[in-house]
Structures are given as structure tokens and as C-alpha cells.
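Here's the structure we're looking at; comments come further down.
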Amino acid sequence: AGTADTGGIRYSSGHIEADACYPSRRLATLLRIPDPSGAAAGEGTPGDTVVLGAPDILYNNHLDEHGNASLALQLLGSRDHLVWYLPSVSDTTAPDDERSFFDLLPSGWLWGTLQLFIAAALAALWRARRLGPLVPEKLPVAIRASETAEGRARLYRKANARDRAATALRSATRTRLAPLVGTPVAQAHTPEALLPALSAHLHDPHGDGRSLHTLLFGPPPGDDAALIALADQLDALERQVRRP
């Protein structure tokens, strides 16, 4: 065929009878390996194996250059039946050649990853912030207790929550009265413990404590006037108990 447009991929073979043509950098760009059976190629026989490093001689735009046509005809036209195969990315490989991503990683990658994970955990424990004791923070503005009570009362009034307001007033009064009459604070909200001690401290002649029970443990007031009256009565009772 003479001179042809070869090049590209170069091949070498350890087969003794292999024919190497068109050398480039001491390697062949056209290599023919004879039939391993030693018989001429025919139906059912393997035939010779030929590898070509560059496909330029098979393109129409280079077919009439040099000896491309002669080389292409001698390579492809020696048989009556020709199979033309063009590989693509969609071709599947043989099962033996399938390798996953983890197969391509070095053998010690698992232990290396585990060591890095342990080192990262130890570094996090080393640099982690230790929780110390609580530090009290000073408020930017000091609010008087009377303002807090007034603001809470306005919220109760806006929500029309007379029952909750009465419960808060009675609970606070019972908590303050219990130590004054010798009752534990834990039993301040129990009528059986608080009322007898309170009646004895006030020297109630009747001794039944019904008015005290209604005042300290009674139903919620029905309107704002009754709530105000309840607050005045609770205040008067506390002053009376505190009086020597």
C-alpha cells in the first residue's frame, strides 16, 4: 500500500509471528496477529487479528491520499462478509470488567477514613466549649415591682380574666399569711391546715371560719367591682394578722 495516513495509538505484541507495520516511535500503528489455529480464515474459524491505531485511512476525505485506499481495501475487502463496529459510551462492558467506584479506591482507604473520623472526633472534643457555671446578667433597666404588678393587672383586665386575677391574689395572700400563723408554706393552700390556725390567731369567737374560707378559697368574682372589693378585703385581712 505504500505510504498511508497512520499514527495515533501505537501497539506492541509478544507474538513471534506478529506483523508490525508503519512504526512510530519504535511502536507499530498497524499490527497483525496471525490466526492462533494456524489455518486460513473461513466459516467458523477465528482468522487473523488486525489492530489499526488511526482511522484516517477509512474516511472519504482522506481515502484518495497516499496509499490509504489500497491499505483500506486490503484490510477490509479480503472477505465477503464485513462487520463494521463503532463503539460508543452506551456500550456495556463484560461482567468480568465491571468495577464499582469502591473497587477503584486503594485497599487501605477504609482504615484511613476510619482513622480520620476518629481524629476529627477527638479534635472536636478537644476544642469543644466547656459549659461552666451560670453567670448572672444584670438587666439593662431596673423595673419597680409596682410597675410589674400594674402591667400584669392590665393584661388580666384586657383579657377579662377576673378568675385568674382573683386566684393570683388569693394565692399570694395565703402564701404570706401561712408563716404568720405558724402554718408551713407547703400547706398554705390547704383549707384544713390554714383556716384553723388563722381563726385561732384572729381569736374568732365563732370558730367556724366560714367567712375566711369564702375570702381565701371562694369562687371568682363576677365583675370588676367585686374583684376590687376582694383585693381590699385580702389586704385588710393581712394587715389584721400582722397587727400585734
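The values are calculated or read from the model by the stated rules, or taken from the named source; none is laboratory data. Just so it is clear, the structure is predicted and the values come from calculations on it, not from any experiment. Cβ: placed from backbone, ideal geometry, glycine included. Neighbour counts: every protein chain shown. These accessible areas exclude ligands, DNA and RNA; they are computed on the full protein's heavy atoms, side chains included. Shrake-Rupley method; radii C 1.70, N 1.55, O 1.52, S 1.80 Å.
Key figures for this structure:
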| item | result |
| --- | --- |
| Estimated Rh, the stretch 143-244: Kirkwood, alpha-carbon pairs, angstrom | 14.4 Å |
| The stretch 127-244 - accessible surface per residue (Å², probe 1.4 Å) | 76 Å² |
| Semi-axis lengths (Å, descending) of the ellipsoid that matches the C-alpha gyration tensor of the chain | 112, 23, 20 |
| Order by protection proxy (mean Cβ within 10 Å, highest first), peptides 57-64, 110-117 | 57-64, 110-117 |
| Positive dipole terminus of the chain, leading residue within Leu230, Leu30, Leu114 (C-beta point charges) | Leu230 |
| Burial order of peptide ranges 120-132, 143-155 (average beta-carbon count within 10 Å, highest first) | 143-155, 120-132 |
| Table column - 3J(HN,Hα) (Hz), the stretch 48-55, Karplus curve with 6.51, -1.76, 1.60, x for Gly and Pro | 6, 10, 10, 10, 10, x, 9, x |
| Pairwise label distance in nanometres, Gln240 with Ile33, each label 7 Å out on the Cα-Cβ vector | 11.8 nm |
| Mean Kyte hydropathy of -1.0 or more with a Cα span along the axis of at least 18 Å, helices from DSSP in the chain | 109-127, 162-180, 224-242 |
| Label-point separation, Ser146 to Val185 (7 Å along Cα→Cβ), nm | 2.5 nm |
| For the stretch 145-244, with +1 on Lys and Arg beta carbons and -1 on Asp and Glu, the positive-most of Gln187, Ala153, Ser199 along the dipole | Ala153 |
| Rough spin-label spacing in nm, given labels placed 7 Å along Cα→Cβ, for Val51 and His15 | 1.0 nm |
| Electrostatic dipole magnitude of the chain [Cβ: Lys, Arg +1; Asp, Glu -1; Cα centre; debye, to 20] | 3020 debye |
| Amide H contacts under 5 Å for Ala28, placed H, 5+ residues apart | Tyr11 |
